[in-house]
Amino acid sequence: MKKENQMKKTYFGLEIPMLLVLSAFVILATYLGALSTDIAGGFALMLVIGIILNEIGDRIPIWNTYIGGGLVLAFLGTAALVDFKIIPEQYVELMDNVTSDMGILNLFIIVLITGSILGLNRKLMIKSFAGYIPAILGGIAGAALLGILGGLVFGVSPAETVLKYVLPIMGGGNGAGAIPLSEIYERVTGNPKGDYYAFAIAVLTIANIFAIISGGLLNKLGEKNTKLTGDKNTLMRKNPEIGEDKETFDVGMKDYAGALLLALTFYQVGRILSSKVWPLVSTSVPIHQFAWMILLVALANGTGLIPGSLRQACKNMQTFFTKNMILIIMVGVGADTSLKELGAAITPGNVVMAALIVIGAVLGSAVVGWLVGFYPIDSAVTAGLCMANRGGSGDLAVLGAADRMGLISYAQLSSRLGGGIVLVIGSVLFGVLM
């Protein structure tokens, strides 16, 4: 009997009968309007949707191999449920609030950044961070090159291609890219920023879908050719000068409370530096709190300030969030994505040019990444695709499809630091080319 129980198939620890019963109660509460509109109700509904769509997506042939499997279906499937009004409006708003206003997306990123950096070999971390900006620049150059070639085919000038397609796609998402770029556009040209933003967000949304699908394809390529990728947690190729961390640490339950406080404090200090200290130095070039946080955690790891048991607890928390909480994030991001708006922006020219820009970002970051000592696939995912998506939520979708959540710190560097680089480039090019 014990052996039979061990062989029963479970879905996130739940056998089918229990999963169906739990899902039925949550769905019943949703359509009766009895589901609580707090974080408990939001989590319940999002987990039900996420687990079901994830399990379906992992079993659809071709989709589960090349498109990104269950996580991508959780994202796109939720967007479809919202667009077809299958989910009551108040609970669509609840899911959006859980992801953004209640800060679950931020908490997810905070935990992943802390765990991924503190889990890195210190020498490996220093070497990989040093080569990351060249990899980002390689991705931008590759995106511009293929984008311009595509523009020539569709009768779009190189200047228009760079300003209207490449910059918003590679700009670090919506809040960090498309919005500030539209403000720069208005300031330089005198034209309404809404004119630029409406088009920028359309091509960015198309590129975001291509970036997610590309993440799944790159993951499959890495499985077939293991020389092109590492352990999905590091960028640097193996170097005999860098030893491996072989220490193991016992982690108690209270270590996790300390690890969580550590991660949250790093974020708060990052906010202090971003909003209070850095503006005293420069108001023209803002630095995002996540960028400061990455630098602080890297400094703490490099100097050995964090005890081993606490570092291990941070790493374990990162693993838990990556394997489980990711479903809530993907559903929340999907609830905020309109497939109808995406469909309205789809024209042959926009689709092909967005695809070429994403491909160029992949190739450019992979080549430069290889030259600076990175695995090309991991460099392409982080320095390439995580520049060509919709920022923080796009990073998680791409890394989920690519099965590389351990690279979240590099992805955030792309969205924050890389996005800042694009804004600087944009402020120059708008004045020169417009």
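Here are some notes:
- Filter pass, Ser23 being assigned to a loop (DSSP other than H, G, I, E, B), of a type outside the set (Val, Ile, Thr) and outside the structural domain of Phe210 (by TED's automatic domain parsing): no
- Residue check, Met95 of a type outside the set (S, T, N, Q) and outside any helix (DSSP H, G or I): no
- On inspection, Tyr185 passes the criterion of being over 27 Å from Val333 (Cα atoms), aromatic (Phe, Trp, Tyr) and in the same structural domain as Asp336 (by TED's automatic domain parsing).
- All positions within the stretch 1-20 that are assigned to a strand (DSSP E or B) and modelled with pLDDT of 85 or more: Leu14, Glu15
Yes/no per residue for (1) among the basic types (Lys, Arg); (2) touching a Lys or Arg at 6+ places or on another chain (Cβ under 9 Å); (3) part of a helix (DSSP H, G or I); (4) closer than 17 Å to Val358 by Cα:
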site	(1), (2), (3), (4)
Ala397	no, yes, yes, yes
Gly406	no, yes, yes, no
Leu413	no, no, yes, no
Leu417	no, no, yes, no
Gly420	no, no, yes, no
Leu423	no, no, yes, no
Val432	no, no, yes, no
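- The residues of the stretch 137-172 that are farther than 25 Å from Gly392 by Cβ and crowded, with 24+ Cβ neighbours inside 10 Å amount to a single one, Gly151.
- Residue tally, condition outside any loop (DSSP other than H, G, I, E, B) and either loosely packed, with under 14 Cβ neighbours inside 10 Å or among the basic types (Lys, Arg) (or both), over the stretch 40-63: 1
- Selection over the stretch 118-136 of residues that are surrounded by fewer than 18 Cβ atoms within 10 Å (Cβ to Cβ) and at pLDDT 85 or above gives a count of 2.
- Among the residues of the stretch 407-421, those identified as crowded, with 24+ Cβ neighbours inside 10 Å and touching a Leu at 6+ places or on another chain (Cβ under 8 Å) are Leu407, Ile408, Ser409, Tyr410, Ala411.
- Scanning the stretch 391-406 for residues that are among the acidic types (Asp, Glu) and surrounded by 24 or more Cβ atoms within 10 Å (Cβ to Cβ) yields a single hit, Asp395.
- In the stretch 341-390, the residues that are surrounded by 24 or more Cβ atoms within 10 Å (Cβ to Cβ) and not hydrophobic (A, V, I, L, M, F, W, C): Gly360, Gly364, Ser365, Gly369, Tyr375, Pro376, Asp378, Ser379, Thr382, Gly384, Asn389, Arg390
- The stretch 105-148 - residue that is part of a helix (DSSP H, G or I) and touching a Lys or Arg at 6+ places or on another chain (Cβ under 6 Å) and, of those, farthest from Leu385 (Cα to Cα): Leu118
- Here Met102 meets each of (1) outside any helix (DSSP H, G or I); (2) crowded, with 16+ Cβ neighbours inside 10 Å; (3) over 20 Å from the mean Cα position of the chain (by Cα) with one exception, condition (3).
- Restricting the stretch 154-194 to residues that are β-branched (Val, Ile, Thr) and in a helix (DSSP H, G or I) leaves a set whose member that is nearest to Gly142 (Cα to Cα) is Val166.
The values are calculated or read from the model by the stated rules, or taken from the named source; none is laboratory data. Being a predicted model, the structure only gives us computed values, none of them experimental. For neighbour counting, all protein chains shown are included, and Cβ atoms are generated from backbone atoms with ideal geometry for every residue, glycine included.
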